[in-house]
Amino acid sequence: MNTIKRLLIPGTIVFVLLLTAQIVYSCQLVTDGKALNRIDQHIDQLRQEVSLKEEKVASASSLMTIREKSVAMGFTESPKVMTMNQDSFVVALGQTR
């Protein structure tokens with residue numbers, strides 16, 4: 001009986017210390033998980049921004065290439081507006097004159 005009492009007190013103390021350590025460790029894991037979640041969200045946001053910027057660069061470079069090719073082929077910008085005369089036979093579909 002005396003041996004059981006001698007082992008019960010240190011065993012209880014060890015159990016309480018281990019339980020406390022487990023609780024503290026679990027709280028740290030939750031905090032780390034929240035931080036990782038915020039970091040992942042920030043990374044996703046940055047990836048979306050990079051993707052949008054890549055699309056803008058690709059669009060601008062393709063338009064620049066088309067402009068350079070058209071200038072090389074002899075096309076020029078025409079500030080004039082061209083209009084065509086409308087004959088009396090030209091009628092829009094479904095309309096009468």
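In table form, for the structure just shown:
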item: Gained length - S51 relative to S78, 0.36 nm times residue gap less alpha-carbon distance; result: 6.2 nm
item: For segment 20-73: accessible area per residue (Å², 1.4 Å); result: 92 Å²
item: Against the rule of thumb 2.2 N^0.38 Å, how large the Cα Rg of segment 20-73 comes out; result: 2.34
item: Label-point gap, in nm, between S61 and N37 - each point 7 angstrom along Cα→Cβ; result: 3.9 nm
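The values are calculated or read from the model by the stated rules, or taken from the named source; none is laboratory data. Computed from a prediction, not measured in an experiment: that's the story for all the values here. Cβ sites come from the backbone with ideal geometry, for glycine too, and all protein chains shown count toward neighbours. Heavy atoms of the whole protein, side chains included, go into the accessibility calculation; ligands, DNA and RNA do not. Shrake-Rupley method; radii C 1.70, N 1.55, O 1.52, S 1.80 Å.
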